[in-house]
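Structure first, commentary second.
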Amino acid sequence: MKTIYFDNNATTKVAEEVFREIEPYFCQLYANPSSMHTFGGQIGIKIRNAREKIAALLACEPSEIIFTAGGTESDNTAIMGTLAAAPNKRKIITTRVEHPAVLTVCRDLENHGYAVVELPVDKQGQLDLKQLENEIDDDTALVTIMYANNETGVVFPIEKIAELATGKSVVFHTDAVQAIGKTPLNLSKSSIDLLSLSGHKLHAPKGIGALYVKKGTRLSPFMLGGHQEAGRRAGTENVPGIIGLGKACELAAKNIEEENQRVKSLRDKLENALLEKCPGSRLNGDKENRLPNTTNISFEYIEGEAILLMLDKYGICASSGSACTSGSLEPSHVLRAMGVPFTAAHGSIRFSLSRYNTEEEVDYTIEKMPEIVNKLRELSPFVSK
Ligand SMILES: Cc1ncc(COP(=O)(O)O)c(C=O)c1O
């Protein structure tokens, strides 16, 4: 059975072009880039090239890119590094809908004496910028707000938010893990100080990421050890990962506009058909300000996990907005923050597309989904028959 992969916000396929580019770095070009010999030196040059490609996608300077082990490390570094560089400030502002790579860190910091403000969102998943502005005070070390939500695809007005924070001399970090490659960025004209990205969300391998650090931003190193990354991130470089991330960024930069157009029209076709053909379904999140590849739909009175299992039987991969933790189904913190009713939050499914999806895959899913929903509704104790 063919796999239909609509779970690209979880991870993406490594692009064939990326795979071909990184292959020599395992068994042939395996030297340590810090070594003095020519063998090592040539790897250093390749890393420099990769850094330039990433900088080109983001429109920033190569020296503003630090390689990390992924989005989680980039987020941790941005938060912990900023706080360590400003030890007298004790307040952090974030949102209720962040990825755990930010939210868990902030909540842990709260246990260590920091004041953490988690801004609420409205029904569309959007923030009240006035509230944000009012929260920023002299004690605020950092505002950390995601670019685009991994569950709903909702995009925040990040430039406005960055201006609000930096206008009050507060460092601004954004977790842009889901936005890179799906949204054009120009960091040379932006007020963003720190930005996290992750390779495996844009067709590079897992375990590689980067943190953009605007020139002049005060940031203490998070990983201590050797002198790699100009002393800003210790640890022998993940050379194949770095080369792969460079190539993936080059591909993204080349095709971003037309690819996003194509992906968006597939997403819209899927979304419109499911909302029309499945009674009791509703879209979660701001329809306008959204990533082009993501749709999050609730199918009321049925369990998201049951839908996933039935989709799986047809080879369709998606994900649900609830996670089965210790036997009880806990609805997603993002949907809860948006006030999505319990019965709808439990039946939410995220379909996240990529450049590799086809119209046939969308059509097949449109055919199967109503069948699945009707079958589960027949079994649901919450539906009157
Ligand atoms: C918004 C967001 N931030 C951070 C991460 C973590 O990235 P990584 O898996 O590279 O650690 C993810 C991954 O799902 C994400 O979606």
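The values are calculated or read from the model by the stated rules, or taken from the named source; none is laboratory data. Computed from a predicted structure; not experimentally measured. Because the Cβ atoms are built from the backbone with ideal geometry, glycine has one as well, and the counts that use them run over all protein chains shown. All accessible areas refer to the heavy atoms of the entire protein, side chains included, with ligands and DNA or RNA removed. Shrake-Rupley method; radii C 1.70, N 1.55, O 1.52, S 1.80 Å.
Scanning the stretch 104-138 for residues that are open to solvent by less than 20 Å² (accessible area, probe 1.4 Å) and free of Cβ contacts under 8 Å to residues at least 24 places away in the same chain turns up nothing. Taking residues in the stretch 59-72 that are at positive phi, and partners anywhere that are in a loop (DSSP other than H, G, I, E, B) and open to solvent by 50 Å² or more (accessible area, probe 1.4 Å), the pairs with Cβ atoms closer than 9 Å and at least 6 places apart or on different chains are Ala59/Pro184; Ala59/Asn186; Gly70/Lys206.
Residues to consider are Ala15, Ala84; find the one that is away from the ligand (no atom under 16 Å from the Cβ) and in contact with a His (Cβ under 6 Å, 6 or more places away or on another chain).
Working: Ala84 fails: in contact with a His (Cβ under 6 Å, 6 or more places away or on another chain).
So the residue among Ala15, Ala84 that is away from the ligand (no atom under 16 Å from the Cβ) and in contact with a His (Cβ under 6 Å, 6 or more places away or on another chain) is Ala15.
In the set Glu135, Glu118, only one residue is away from the ligand (no atom under 16 Å from the Cβ), at pLDDT 95 or above and more than 15 Å from the chain's Cα centre (by Cα); that residue is Glu135. Here the condition is being assigned to a helix (DSSP H, G or I), buried (at least 20 other Cβ atoms within 10 Å of the Cβ) and without any contact (Cβ under 8 Å) to a residue 60 or more places away in the chain; of Ala101, Ala162, Ala141, it holds for Ala162 alone. For the stretch 359-385, the tally of residues that are in contact (Cβ under 8 Å) with a residue 40 or more places away in the chain and not in a helix (DSSP H, G or I) stands at 3. Of all residues in the stretch 205-248, those that are more than 16 Å from the ligand (Cβ to nearest atom), small (Gly, Ala, Ser) and open to solvent by less than 20 Å² (accessible area, probe 1.4 Å) total 2.
The set of residues from the stretch 118-151 being closer than 18 Å to Ser198 by Cα and not aromatic (Phe, Trp, Tyr) comprises Thr144, Ile145, Met146, Ala148, Asn149, Asn150, Glu151. Scanning the stretch 266-292 for residues that are over 21 Å from Ser332 (Cα atoms), surrounded by fewer than 16 Cβ atoms within 10 Å (Cβ to Cβ) and either among the charged types (D, E, K, R) or under 21 Å from the mean Cα position of the chain (by Cα) (or both) yields Asp268, Lys269, Glu276, Lys277, Glu288. Screening Arg90, Arg96 for residues that are touching a Pro at 6+ places or on another chain (Cβ under 9 Å), in contact (Cβ under 8 Å) with a residue 12 or more places away in the chain, within 23 Å of Leu127 (Cα to Cα) and open to solvent by 80 Å² or more (accessible area, probe 1.4 Å) leaves exactly one candidate, Arg96.
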